[in-house]
Structures are given as structure tokens and as C-alpha cells.
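Let me begin by presenting the structure, written as C-alpha cells, before commenting on it.
The values are calculated or read from the model by the stated rules, or taken from the named source; none is laboratory data. Quick caveat: nothing in here was measured; it's all calculated off a predicted structure. Glycine gets a Cβ as well: all are built from the backbone with ideal geometry, and neighbour counts include every protein chain shown.
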Amino acid sequence: MGDFWFYIQMGLEHVLDLEAYDHILFLAALAVPFTFINWKKILVLATIFTIAHCASLALSVYGIAVVDVGLIEFLIPITIFFTAIHNLIHSHKAAEHRNMLLYSIATGFFGLVHGFGFSNYFKMLMAGEEEKISPLLGFAAGIEISQILILLAVLCANYIVRSLFAVKQSLFTQVMSIIILVITIPMLFATFPW
């Protein structure tokens, strides 16, 4: 059971690590179009992301899929970039009218990419482990808990900004998405694989 808690903590640290802020940026980009009214939708998206993230870890740990690390490191900021662009394009569309199937598919794909980005480190940690399911489940639980914390922080910031400054949801989405884009663009250049 001690190992399970270790992997929960590792999942928490993986997402909440401010030096590896790509995960936080993606979650922020995912959450900015939504408000507390849409909490169920954002929780579903976070869970889809976690499942896909852990699926790619499992595929990697069991040697089923191996993906070029350089390509994955580039695809991670691409996922953030396109999520923010999508937010800008659809910023005037109410969250209730957004295509959740499209969001779900994109979130699942992006979760796979982000999981492969972490898979080499995770495989090194599990090198001596014979039983791999418990660490994967612990890691998944840690990821889910930390993602919920980040999503709650974004929803709270959304509520505070819109309440204090009487900002429309569309403007909040636009400004936050532009900030995310500005932070992401240097990541694209730094990880460009060719």
C-alpha cells in the first residue's frame, strides 16, 4: 500500500510541478471557456484526459507502443496552442452550446500525447516493479486529484475576475487564451524537432 501512496504523490507532483508547467497550461486552456455552472462537463474532460494519459503510460510501460520523445515534446505545446486557438475561435459560443464530443476526442488525444511525454521517466521509476497495475492506478489517482485542483483554481479565477470586474465570459476566455498562447509560443520553438 505504501507504493500506491508513493505513486499518488508522484501523480500529484507530475501535474503540480511549476517547472514543468505544460500540464497546468493545457488544463487552464481546457477550462477557461467554462464556469462553475459547467462543472460536470469540465470534470468529464479531466477524467478523459487522465484515462488517456494513463493509457499511453500503460502502453509504454508494457512495451506495446514506443513513440519518439522529440516528437512528443513538440506535440505537447502544440496541444496547448491548438486548445487556446480553439478557445479564441469559439469564445462567443456559450459553454452549453459547445461540441462536447469534439472536446472529448481532442482531450483524449491530447491526454495520450501528454502521457507519452512522461512515459520514459515513469518507466525508469517502475524498472524494479513486477506488478505494474497498482502504480498506474495510484499515478492516475494523483493526476486526477491534481487536475481537479487546477480546474477548480481556474474556475475560481474565472468567477472572481468576472464578478469583481464585470467581465463577460467571452472576454475572459479571449484574454486567458491569448496569455496561454504567449506562454506557449516559446515552448514551440524550444521543442521544434527538425
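The set of residues in segment 125-184 being under 15 Å from Trp5 (Cα atoms) and of a type in the set (Lys, Arg) consists of Lys132 alone.
Specify the residue that is surrounded by the fewest Cβ atoms within 10 Å (Cβ to Cβ); the eligible residues are those in segment 86-100 that are farther than 14 Å from Leu30 by Cα and not basic (Lys, Arg). So, considering only residues that are farther than 14 Å from Leu30 by Cα and not basic (Lys, Arg), the one surrounded by the fewest Cβ atoms within 10 Å (Cβ to Cβ) is His97.
The rows are residues; the columns are (1) among the β-branched types (Val, Ile, Thr); (2) in contact with a strand residue (DSSP E or B) (Cβ under 8 Å, 6 or more places away or on another chain); (3) farther than 15 Å from Thr173 by Cα.
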| position | (1), (2), (3) |
| --- | --- |
| Glu19 | no, no, yes |
| Ala29 | no, no, no |
| Pro33 | no, no, no |
| Ile48 | yes, no, yes |
| Ile72 | yes, no, yes |
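Output the residue which, of all residues in segment 1-26 that are under 14 Å from Val113 (Cα atoms) and crowded, with 23+ Cβ neighbours inside 10 Å, is modelled with the highest pLDDT. Outline the logic, then answer.
Step one: filter segment 1-26 for residues under 14 Å from Val113 (Cα atoms), giving 22-23, 26.
Now restrict to residues that are crowded, with 23+ Cβ neighbours inside 10 Å: 23, 26.
Details: His23: 87, Phe26: 92.
Among residues in segment 1-26 that are under 14 Å from Val113 (Cα atoms) and crowded, with 23+ Cβ neighbours inside 10 Å, the one modelled with the highest pLDDT is Phe26.
Only a single criterion out of (1) surrounded by 18 or more Cβ atoms within 10 Å (Cβ to Cβ); (2) modelled with pLDDT of 85 or more is not satisfied by Phe118, namely (2). The single condition from (1) in a helix (DSSP H, G or I); (2) among the hydrophobic types (A, V, I, L, M, F, W, C); (3) farther than 17 Å from Val44 by Cα that Val167 fails is (1).
For segment 118-130, state whether one or more residues are under 14 Å from the mean Cα position of the chain (by Cα), of a type in the set (Ser, Thr, Tyr) and part of a helix (DSSP H, G or I). No, segment 118-130 contains no residue that is under 14 Å from the mean Cα position of the chain (by Cα), of a type in the set (Ser, Thr, Tyr) and part of a helix (DSSP H, G or I).
Can you confirm whether segment 143-159 contains a residue that is within 20 Å of Ile37 (Cβ to Cβ), of a type in the set (Phe, Trp, Tyr) and loosely packed, with under 14 Cβ neighbours inside 10 Å?
In the first step, residues of segment 143-159 are kept if they are within 20 Å of Ile37 (Cβ to Cβ); the result is 147-159.
Restricting the remaining residues to those that are of a type in the set (Phe, Trp, Tyr) gives 159.
Pick out the ones that are also loosely packed, with under 14 Cβ neighbours inside 10 Å and you get 159.
Yes, segment 143-159 has at least one match.
Each row is one residue, and each column tells you yes or no for (1) more than 19 Å from Ile180 (Cβ to Cβ); (2) touching a strand residue (DSSP E or B) at 6+ places or on another chain (Cβ under 9 Å); (3) not polar (S, T, N, Q).
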| position | (1), (2), (3) |
| --- | --- |
| Thr79 | no, no, no |
| Thr107 | no, no, no |
| Gly111 | no, no, yes |
| Ser119 | yes, no, no |
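Being out of contact with any Leu (no Cβ under 9 Å at 6 or more places or on another chain) and modelled with pLDDT under 85: is that true of Gly128 here? Answer is yes for this residue.
It is to be established whether one or more residues within segment 40-51 are of a type in the set (Lys, Arg) and within 19 Å of Leu151 (Cα to Cα). Steps first, please.
Restricting attention to segment 40-51, the residues satisfying the condition of being of a type in the set (Lys, Arg) are 40-41.
Cutting the leftovers down to within 19 Å of Leu151 (Cα to Cα) gives us 40-41.
Scanning segment 40-51, I find at least one residue that is of a type in the set (Lys, Arg) and within 19 Å of Leu151 (Cα to Cα), so the answer is yes.
Those helices (runs of 4 or more DSSP H) of segment 4-113 that lie entirely within it include none in which at least 2 residues are out of contact with any His (no Cβ under 6 Å at 6 or more places or on another chain), free of Cβ contacts under 8 Å to residues at least 24 places away in the same chain and basic (Lys, Arg).
Screening Gln169 with (1) within 22 Å of Asn38 (Cα to Cα); (2) under 15 Å from the mean Cα position of the chain (by Cα); (3) crowded, with 17+ Cβ neighbours inside 10 Å; (4) modelled with pLDDT of 90 or more gives one miss only, at (2). Write out, first by first residue and then by second, each pair whose Cβ atoms fall under 7 Å of each other, whose residues are 6+ apart or on separate chains, and whose first residue, in segment 145-167, is on the phi < 0 side of the Ramachandran plot and touching a residue at least 40 places away in the same chain (Cβ under 8 Å) while the second is of a type in the set (Gly, Ala, Ser) and part of a helix (DSSP H, G or I). So the pair list comes out as Ser146/Gly11; Gln147/Ala46; Ile148/Ala46; Leu151/Ala31; Leu151/Ala46; Val154/Ala28; Val154/Ala31; Leu155/Ala31.
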